[in-house]
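So the structure is just underneath, and the comments pick up after that.
The values are calculated or read from the model by the stated rules, or taken from the named source; none is laboratory data. The shown structure was predicted, so the numbers you read here are calculated from the model rather than taken from an experiment. Every residue, glycine as well, gets a Cβ built from its backbone with ideal geometry; the counts of neighbours run over all protein chains shown.
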Amino acid sequence: MARLSVNVNKIATLRNTRSNGIPDIVRLSTIALNAGADGITIHPRPDERHIRAADVDAIARLLDDHPRAEFNIEGNPFHGLVEHCERVRPDQATLVPDQADAPTSNQGWDLLHLAADRRNALGAAIARLHACGCRVSLFIDPVVELPRLAKDLGADRVELYTEPYATAYVQGKGEGSVQAYAAAASAAHAAGLGVNAGHDLNLDNLRLFLARVWPVDEVSIGHALIADALELGLAETVRRYRVLGACAR
C-alpha cells in the first residue's frame, strides 16, 4: 500500500495567526500518527510563514518517539533545507525548486534544461543529504525523461507533482491526465527509483491515481487533508486516507 505522510504546514499557518501556540502542531501531529499516518511532512521556508525552525526540531523529537513513522522535510536545497536536514537527520529530504516567495510548490525540477552549475550544485546537495543519512526524493513533473536524470544526480526517489492531475480530475479528465503519471512512474521504476506523489491529492481523486500509477511508495498530503479534518476530525480523516491507500488495487 502507499504510505501516507501528513503534511502539517497548514496547521502551522493557522497557528501563526496568533501568538498563543494554538493549534499545537506537535499535538496534532501526534493525533495523526496515532490514527495510522505513516509519517509527517514539513516544508520550512526562509520567511517561516508556516513551519518555523523550532517546529523542525520539535517534530524531529516527536518522530524519535515513533520509530516506525518517517520524517520527511521538503523544500528548496538552496534555501536552508540541507542545513535543517544536517541538524535533525530526517528519514527523507524532498527537494523542491520553489522560489522563496512562492505561495506553494508549483513546478518540478526541469532537469532537461538545468544549467550545468545548477546541476552540479543540486548533485552536491544530494551528496550532503546522503552523508547525513537522508533518502533523497526529487520533485518532478510527469515527464518520462526526468527519472533517469534524477537517478544520475543521485536521487533515491522522485515525487510526482500532482496538481495538474487534480485539476484535470475536477474537469472530468482524470483518466486522461493520469496516464502521464503512470508512464513517469514506470520510467522511475525502470531507473531503480522509488515513487512518491503529492500536491492537491484528496479523498476524491486519490483512489484513481493509486489505481493507475503503480506502485507508489508514499503520498504526501496536507492542504486537502487538513481541510477534510475540519469536517471529519483529524483522526477520522487520516483513517479514510489510509483506507484509500490500502485498497486502491
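For segment 1-27, taking the residues that are surrounded by fewer than 20 Cβ atoms within 10 Å (Cβ to Cβ) and among the hydrophobic types (A, V, I, L, M, F, W, C), the one that is nearest to residue 202 (Cα to Cα) is identified as 1. Tell me, yes or no, whether segment 144-152 has at least one residue that is within 16 Å of the chain's Cα centre (by Cα) and either crowded, with 18+ Cβ neighbours inside 10 Å or not in a helix (DSSP H, G or I) (or both). No, there is no match, as no residue in segment 144-152 is within 16 Å of the chain's Cα centre (by Cα) and either crowded, with 18+ Cβ neighbours inside 10 Å or not in a helix (DSSP H, G or I) (or both). Residues in segment 3-36 that are closer than 20 Å to residue 244 by Cβ and either modelled with pLDDT under 95 or outside any loop (DSSP other than H, G, I, E, B) (or both): 10 in all. Suppose we keep only residues that are more than 18 Å from residue 167 (Cα to Cα) and in contact (Cβ under 8 Å) with a residue 40 or more places away in the chain within segment 206-222. Which one would you say is surrounded by the most Cβ atoms within 10 Å (Cβ to Cβ)? Here the answer is 218. The residue list 225, 203, 244 contains one member that is assigned to a loop (DSSP other than H, G, I, E, B), under 23 Å from residue 29 (Cβ atoms) and in contact (Cβ under 8 Å) with a residue 24 or more places away in the chain, which is 203. Of the listed requirements (1) among the small types (Gly, Ala, Ser); (2) modelled with pLDDT of 95 or more; (3) outside any helix (DSSP H, G or I); (4) surrounded by 15 or more Cβ atoms within 10 Å (Cβ to Cβ), residue 172 misses just one: (4).
Only one of 98, 141, 117 is over 20 Å from residue 201 (Cβ atoms) and either touching a residue at least 12 places away in the same chain (Cβ under 8 Å) or of a type in the set (D, E, K, R) (or both). Can you tell me which?
117
In segment 97-118, the condition of being within 21 Å of residue 10 (Cα to Cα), in a strand (DSSP E or B) and modelled with pLDDT of 95 or more is met by no residue.
Considering the conditions (1) aliphatic (A, V, I, L, M); (2) surrounded by fewer than 16 Cβ atoms within 10 Å (Cβ to Cβ); (3) closer than 26 Å to residue 75 by Cα, residue 234 is excluded by exactly one of them, (2).
Residues are listed down the side, and each one gets a yes or a no for (1) more than 25 Å from residue 108 (Cβ to Cβ); (2) surrounded by 21 or more Cβ atoms within 10 Å (Cβ to Cβ):
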residue: 32; (1), (2): yes, yes
residue: 42; (1), (2): no, yes
residue: 49; (1), (2): no, no
residue: 54; (1), (2): yes, no
residue: 62; (1), (2): yes, no
residue: 66; (1), (2): yes, no
residue: 71; (1), (2): no, yes
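Answer with yes or no whether residue 195 is more than 21 Å from residue 11 (Cα to Cα) and buried (at least 23 other Cβ atoms within 10 Å of the Cβ).
Numbers: more than 21 Å from residue 11 (Cα to Cα): yes; buried (at least 23 other Cβ atoms within 10 Å of the Cβ): yes.
When the stated conditions are applied, residue 195 passes them.
Which is of a type in the set (D, E, K, R) and within 16 Å of the chain's Cα centre (by Cα), of 38, 24, 55?
Values: 24 fails: within 16 Å of the chain's Cα centre (by Cα); 55 fails: within 16 Å of the chain's Cα centre (by Cα).
The conditions single out 38.
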